[in-house]
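All remarks here apply to the structure that follows.
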Amino acid sequence: MSALDVIVSGTMLAQTVRMTIPYACASLGGVLSERSGVVNIALEGILLASALAAVAVQGVTGSAVAGLLAGVVAGALVGLVHAALVVRGRVDAIVSGLALNLALGGGTRFVLRALYGSSSNSPSVRGVRFGEGLGLFARTALDPFVLSTLAVAALCAWGLARTRFGLRLRACGEDPSAAQAVGVDVARTRLVAVTLGGAVCGLGGAALAFELHQFQAGMTGGRGFIALAAVIVAGWRPWPAVGACLAFAALDALQIVLQNQTRVPAQIFAVLPFVATLLALAVVSRRSAGGGAPAGIGKHPA
Amino acid sequence: MKLLARVLQAPAVAGLAAGWLAFCLLVWAYGASPREMAALLFEGTWGTSYGAGQVLFKATPLLFTGLAVDLALRAGLFNIGAEGQLAVASLAAGVVGSRLPQATPAIVALPVTIGAAMAAGAAWAAVPALLKGRFGAHEVISTIMMNRIAEGVVGLLVASGLALTGTVRTADVVPGARVPRLDALFPAFRGSAASFAVVLAIAVTALVTLAHRRTRFGREVGLIGLNARAMAAEKVPVRRRLEQALLASGALAGAASLGTVLGYKGYFEEGLGAGAGFGGVAVALLGRGRFGGLVLGALLFGTLQQGGLALNAYVPKELMEVLQGIVICAVALADARLRAAVGEVLTRPLAKPAAPAGGGTP
């Protein structure tokens, strides 16, 4: 089969959709956090922590639901720590995010060795078994992770635009001083927003781990950062962020096929998603100065 | 009592205390004895002259990359890309250093090699610099992407002919381009990989931190970091200065290959010096533009890295990465509190006399 046949096949499409999930969840988490005014580069670390938590808990309990919940809770916890450092501690959000990524990158390896005595990967878990008797299309469209990601995206979009909490969240992101002046508890709103964002991102981490049926050290491979770029490219809006993630995931799936199917050195294709991210970022930043960023991002109420 | 609280809030103390607490907790949670591990940690680092040499060796690239990140930070830019800049620069050092004629004297070979490395580092930083200056793309994301791209590009170049066939390393650099080991002059460091690059690193740090205060470029960059709009109003070419700061930062990150390629291995190997770029971010966050801060930060994280290796048989060395993260958080937290407290003191007298002054009191 030639490379082109593989690329235009239905399997490839299904693969792309499945690969979108971790990106999409992370970027939805990023949207929630950044619309409230807190920059979140800790997404990478959140993905790692929640992937490990999901695998560890499923390994012990044997339950996929428990594993999933563990991943979400782990994500929320890291989000909460990030929020507490930034909102209450007034630490620079990028510094806090970098420190968390560093600590969680090392911490997940540390726990991996503590639990399983391996520095590379955990034993395999079952993950989520779904739709063995169904056709490819139904199996992808009805995949619990695909459905829940879509549901979360819809909830984010609706919640941000239509609910009281969403309005307050956006107010904190656009002008924290004004929000505080009209009686919004900026600190608490941001704490909730970033924690929720962490939980959503944690869903993506669990999906990533279950997809591969194990935890691998450094398995996120920059997905959190690409998701953050997707947030910027999408102008901090939920549905466009999912769309941007779909595009990046398609590139990711494409580079894996190209690596396997052609004789060109693999490294050329491996950098493809990152080059594309860089280009997209340049184009979007040029088109609109600021790119629709929340005006109060990184600012504290006076 | 109040004074005691102030002193306890001092960022360095907070960082060390939090790091120590986390060390004890994590070691204990892993099932080892914190007391024994701490003794082992000390023995493996500052306890012997070999260990001390190894700490200096680990601290050398960290000091260069820390200085690099710090320079960008003065302009208000986060250069997370030191990792990629160093990778590309190290390859350049390995390639150029090994292609020089064997008999090239050190006075020519060393500057040429390190010049090539710094140029490569600056070139790698030029992409995010241009994206920032011309398009306004956020440098944090673009430098992180450039790190990933560097990984692929270095791997590709190594695989496609720059390395010796069948390996992932270049040929040995010519003798003139090597930085001598410290044990050539101080036999006590025998066996450790520390080289005179550590002396160069300290000298460069002193020069650059001095230049921040004494040169026009340095002061402009620092003032842009404080208030870019004011500097633009003063007709300072802000965009150019930001681009130049990132380029200089990339060049300094590339200079870290003095400690790894030229001082340690004598050739470039894929993955050599990995992690020094990210460590540099930590050093810069601790150092905050002060000579002493940067040197001590590099020594602290060098100690942690070397200590991690000393403990690795009993406790995973990744423990030290967790500690790094916690130390950064604690220092940043204490620093923010301190600044809030100082800010209060500074703004109070300005706010208070405003009313009487308006009333025309003499």
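Listing for the model above:
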read-out: The one condition in (1) within 12 Å of chain B (Cβ to nearest Cβ); (2) over 16 Å from A:GLY197 (Cα atoms); (3) assigned to a helix (DSSP H, G or I) that A:ALA66 fails to fulfil; value: (1)
read-out: Qualifying residue in segment B:313-326 (condition: surrounded by fewer than 24 Cβ atoms within 10 Å (Cβ to Cβ), away from every other protein chain (no Cβ under 14 Å) and without any contact (Cβ under 8 Å) to a residue 60 or more places away in the chain); value: no
read-out: Those residues of segment A:270-282 which are within 8 Å of another protein chain (Cβ to nearest Cβ) and either surrounded by fewer than 21 Cβ atoms within 10 Å (Cβ to Cβ) or among the β-branched types (Val, Ile, Thr) (or both), in sequence order; value: A:VAL271, A:VAL275, A:THR277, A:ALA282
read-out: Of all residues making up segment B:260-299, the number that are assigned to a helix (DSSP H, G or I), surrounded by fewer than 24 Cβ atoms within 10 Å (Cβ to Cβ) and more than 14 Å from every other protein chain (Cβ to nearest Cβ); value: 8
read-out: Checklist (1) of a type outside the set (Val, Ile, Thr); (2) within 14 Å of chain B (Cβ to nearest Cβ); (3) buried (at least 24 other Cβ atoms within 10 Å of the Cβ) applied to A:ARG286, failing item; value: (3)
read-out: Cβ-Cβ under 6 Å pairs, at least 6 apart or on other chains, segment A:79-97 side more than 7 Å from chain B (Cβ to nearest Cβ), far side part of a loop (DSSP other than H, G, I, E, B) and modelled with pLDDT of 90 or more; value: A:HIS82/A:ALA42; A:VAL86/A:VAL38; A:ALA93/A:VAL38; A:ALA93/A:VAL39; A:GLY97/A:ILE41; A:GLY97/A:ALA42
read-out: Answer from B:ALA171, B:ALA129, B:ALA116 - the residue that is under 19 Å from B:ALA276 (Cβ atoms), more than 7 Å from chain A (Cβ to nearest Cβ) and of a type in the set (A, V, I, L, M, F, W, C); value: B:ALA116
read-out: When residues of segment A:171-182 are limited to those that are surrounded by fewer than 16 Cβ atoms within 10 Å (Cβ to Cβ) and of a type in the set (A, V, I, L, M, F, W, C), the one nearest to the chain's Cα centre (by Cα); value: A:ALA178
read-out: Residue count for segment A:207-229, restricted to those that are within 14 Å of the chain's Cα centre (by Cα) and not in a loop (DSSP other than H, G, I, E, B); value: 10
read-out: From A:ALA66, A:ALA76, A:ALA103, residue being modelled with pLDDT of 90 or more, surrounded by fewer than 18 Cβ atoms within 10 Å (Cβ to Cβ) and either among the polar types (S, T, N, Q) or in contact with a helix residue (DSSP H, G or I) (Cβ under 6 Å, 6 or more places away or on another chain) (or both); value: A:ALA66
read-out: Tally of residues being under 23 Å from the mean Cα position of the chain (by Cα), assigned to a helix (DSSP H, G or I) and touching a residue at least 60 places away in the same chain (Cβ under 8 Å) across segment A:112-149; value: 6
read-out: Hits in segment A:107-118 (condition: facing chain B (nearest Cβ under 8 Å) and surrounded by 22 or more Cβ atoms within 10 Å (Cβ to Cβ)); value: A:GLY107, A:ARG109, A:PHE110
read-out: Every residue from segment A:121-170 that is of a type in the set (Lys, Arg), farther than 25 Å from A:GLY29 by Cα and either modelled with pLDDT of 85 or more or surrounded by 14 or more Cβ atoms within 10 Å (Cβ to Cβ) (or both); value: A:ARG139
read-out: Any chance B:GLU139 is farther than 19 Å from B:SER90 by Cβ, more than 7 Å from chain A (Cβ to nearest Cβ) and surrounded by 21 or more Cβ atoms within 10 Å (Cβ to Cβ); value: yes
read-out: Selection from segment A:289-300 of residues that are more than 8 Å from chain B (Cβ to nearest Cβ) and surrounded by fewer than 18 Cβ atoms within 10 Å (Cβ to Cβ); value: A:GLY292, A:ALA295, A:GLY298, A:LYS299, A:HIS300
read-out: Single residue of A:ARG90, A:ARG109 found to be among the charged types (D, E, K, R) and assigned to a loop (DSSP other than H, G, I, E, B); value: A:ARG90
read-out: So B:ALA68, is it over 20 Å from A:ALA229 (Cβ atoms) and among the small types (Gly, Ala, Ser); value: yes
read-out: Residue that is out of contact with any Ser or Thr (no Cβ under 7 Å at 6 or more places or on another chain), free of Cβ contacts under 8 Å to residues at least 24 places away in the same chain and surrounded by 19 or more Cβ atoms within 10 Å (Cβ to Cβ), where the choices are B:GLU234, B:GLU151, B:GLU220; value: B:GLU220
read-out: Criterion (among the hydrophobic types (A, V, I, L, M, F, W, C), out of contact with any strand residue (DSSP E or B) (no Cβ under 8 Å at 6 or more places or on another chain), surrounded by fewer than 20 Cβ atoms within 10 Å (Cβ to Cβ) and within 26 Å of A:SER285 (Cα to Cα)) met by exactly one of B:ALA129, B:ALA82, B:ALA123; value: B:ALA123
read-out: One residue from A:GLY204, A:GLY298, A:GLY243, A:GLY197 being in contact with a Cys (Cβ under 8 Å, 6 or more places away or on another chain) and under 21 Å from A:ARG35 (Cα atoms); value: A:GLY204
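Yes or no, residue by residue, for (1) surrounded by 24 or more Cβ atoms within 10 Å (Cβ to Cβ); (2) farther than 15 Å from A:VAL72 by Cα; (3) within 14 Å of another protein chain (Cβ to nearest Cβ):
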residue: A:GLY218; (1), (2), (3): no, yes, yes
residue: A:GLY221; (1), (2), (3): no, yes, yes
residue: A:PHE225; (1), (2), (3): yes, yes, yes
residue: A:GLY243; (1), (2), (3): no, yes, no
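The values are calculated or read from the model by the stated rules, or taken from the named source; none is laboratory data. Predicted, not measured: the structure shown is a model, and the values here were computed from it. All Cβ positions, glycine included, derive from the backbone under ideal geometry; neighbour counts span all protein chains shown.
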